[in-house]
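Colleague: Before anything else, here's the structure in question.
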Amino acid sequence: MSLDKIIMLIFILSIFSENVHGEGYNLDRVVSEKLIAKIDDFHNVSILLSPDNRHIAYIVKEEDKDVLFVDGSSSKKRYQEISDLTFSPDSNHTAYRANDGGKEFVVHDGKELKKYGFVGPDLVFSPNSNHIAYTACDNGTIPLKYFVVIDDKELNNFRHFFYLLFSKDSDHLAYEAEDVSGFNIVEDNKSGKIYRKVDYLTFSPDGNHLAYSASPDIGTDIVVLDSNESSGYDWMSVGKLSFSPDSQHFGYLINENDLSNDSAFVVID
């Protein structure tokens, strides 16, 4: 018997929820199996299924190097480390973070993008799968410069970035940024007002409106809709922000928490 462990990756296309009805099982379900690859050491494999359940990608360790395989085909590029593998929403594109030669970079559909001292783990595809955004840091400068990178183009730099968010129509990109003076929201590379804290970043379904909560000072929270500030509320009282499906209405939850009162109410429009 060979010392190599032969492990079969089985591509099962029809075991998902659409084939199961009610509380029982669909006895008419047809299961197809396809041999994708033979792998010597299953313990060193990271596996990812595409959103449409039709493609499988996995990272294999070969001679102390990581190699990406998609549907059984090797990328033929080896790196010291591959991580944060992701598929685009339409399942037609892949991206991952690679580390090689002391540099980190994103590999998008097999193409190596600009190399940095550090690339953040937040690789984000736009909903239409045409754009990819992530954070990166050039550790060759003092002080360190952090960038948001979209389609291999650097946007303005801050101390740190958080929570990259595309609008549902993929036309806009917004994110939280930290500078020496505080936090702000950046939309389409335009910086908003500085606050002590920002949170709950939300686009409307049509992509035309942007809302978030903010703290202009200690003990006060506000809601910002298209740069317009609401009246002040108690600190930590603003809850989730929501738009109506047609994007014509906007609301959020306010929690009142003090020793004499524990209640909540919703503010709409």
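Please treat every number below as a calculation from the coordinates, not as lab data. Not measured: the values here are computed from a predicted model. Counting neighbours? That spans all protein chains shown, and the Cβs are built from the backbone with ideal geometry, glycine included.
Colleague: Per 0.36 nm of contour for each residue apart, how much would the distance between Ser73 and Leu49 grow if the chain were fully extended, relative to their Cα-Cα spacing?
Modeller: That pair, Ser73 and Leu49, stretches by 7.2 nm at full extension.
Colleague: Just subtract the alpha-carbon distance of His209 and Ser247 from 0.36 nm times their residue separation and send over the number in nm, one decimal.
Modeller: Full extension from His209 to Ser247 adds 12.9 nm.
Colleague: If Lys and Arg each add +1 and Asp and Glu each add -1, what is the summed charge of the other residues whose beta carbon sits under 10 Å from the beta carbon of Tyr163?
Modeller: Here the count lands on -3.
Colleague: So between Asp109 and Asn130, what do we pick up on full extension, going 0.36 nm a residue minus the alpha carbon distance?
Modeller: Stretched fully, the Asp109-Asn130 segment lengthens by 6.4 nm.
Colleague: For the range 180-269, just list the percent of Cα-Cα distances falling in each 5 Å bin from zero outward, please.
Modeller: Percent of pairs per bin, in order: 3, 14, 25, 23, 18, 10, 5, 2, 0.
Colleague: Put a dot 7 Å past each Cα toward the Cβ at Val267 and Glu178; how far apart are the dots in nm?
Modeller: The answer from the label model is 2.6 nm.
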